[in-house]
Amino acid sequence: MSSFVWDLLTLFPEIISVYVHSGILGRAVEDGKITVRVHDLRDFTQDKHRTADDYPYGGGAGMVMKPEPIFLAVDRVRELAPESRIILMSPQGRPFDQEEAGRLARGSRAVTLICGRYEGVDARVSEHLVDDEISIGDYVISGGELAALVVLDAVSRCLPGVVGDERSVSTDSFYQGILKHPQYTRPESYRGMRVPEMILSGHHEKIRRFQRFKALEKTFRNRPDLLDKAELTEEDQEMLNRIRRGERTEA
């Protein structure tokens, strides 16, 4: 299978480079599962000062990223990967979630992420250049680099062979529509806090039911909105009824 190709367009390539050469992503790059190309947008500017931003027409605070470097950088990407899906990271984009990560992983084998900065990006980029706009949440951060890394990481984890034990992906929070159950490791007791006896019982079916109960309980407490669209079994519904009644354990 060919490598999944990422092209990232940014004014701060060093932010991207450190992360994608570390941990799971670093190993995926080394193994050829993914390819990450980082493009410095200032390399596509057209003046000696390498100007990538300017004052907004109509007034207002801050600076806006100019369209020319972004269009030229995308032209270059399309020479390298004509099929690449062009995405602008923007707080005005569609919300990104696990379902969207899966769709991107199953779609084109190449994705380009444009990292915005300052007060935003010239609207001609979103209106005439990109295929999509994506947001990682309803808040504002200093730049699109962190958002792009979130998307790159989440999508790459869905690709075959990127995560060594693929069972760890299928049991992650959101992958099955609800949050993941609490997890424990050694020691069995720490400062008087013990691992639940059920987890140590060795009874696989009881452990499965206990973990499912705790996953539903955590979702009910922290993210009840997820339960409205999660695919729940009759057993899940029975557990949820017990949780709503205030029961705290599942035997």
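The values are calculated or read from the model by the stated rules, or taken from the named source; none is laboratory data. From a predicted model like this one, the values you see are computed outputs, not experimental measurements. As a convention, Cβ positions derive from the backbone with ideal geometry for all residues, glycine included, and neighbour counts pool all protein chains shown. We work out accessible area using only protein heavy atoms, side chains counted, and drop any ligands, DNA or RNA first. Shrake-Rupley method; radii C 1.70, N 1.55, O 1.52, S 1.80 Å.
The criterion of at least 3 residues that are open to solvent by 60 Å² or more (accessible area, probe 1.4 Å) is met by the following helices (runs of 4 or more DSSP H) wholly inside region 5-108: 13-20, 67-80, 98-106. Among the residues of region 122-139, those identified as open to solvent by 30 Å² or more (accessible area, probe 1.4 Å), in contact with a helix residue (DSSP H, G or I) (Cβ under 7 Å, 6 or more places away or on another chain) and of a type outside the set (Asp, Glu) are 124, 136. Can you name every residue in region 219-251 that is assigned to a helix (DSSP H, G or I) and open to solvent by 90 Å² or more (accessible area, probe 1.4 Å)? 221, 228, 234, 238, 244, listed by residue number. Scanning region 219-229 for residues that are under 11 Å from residue 180 (Cβ atoms) and over 21 Å from the mean Cα position of the chain (by Cα) gives no hits.
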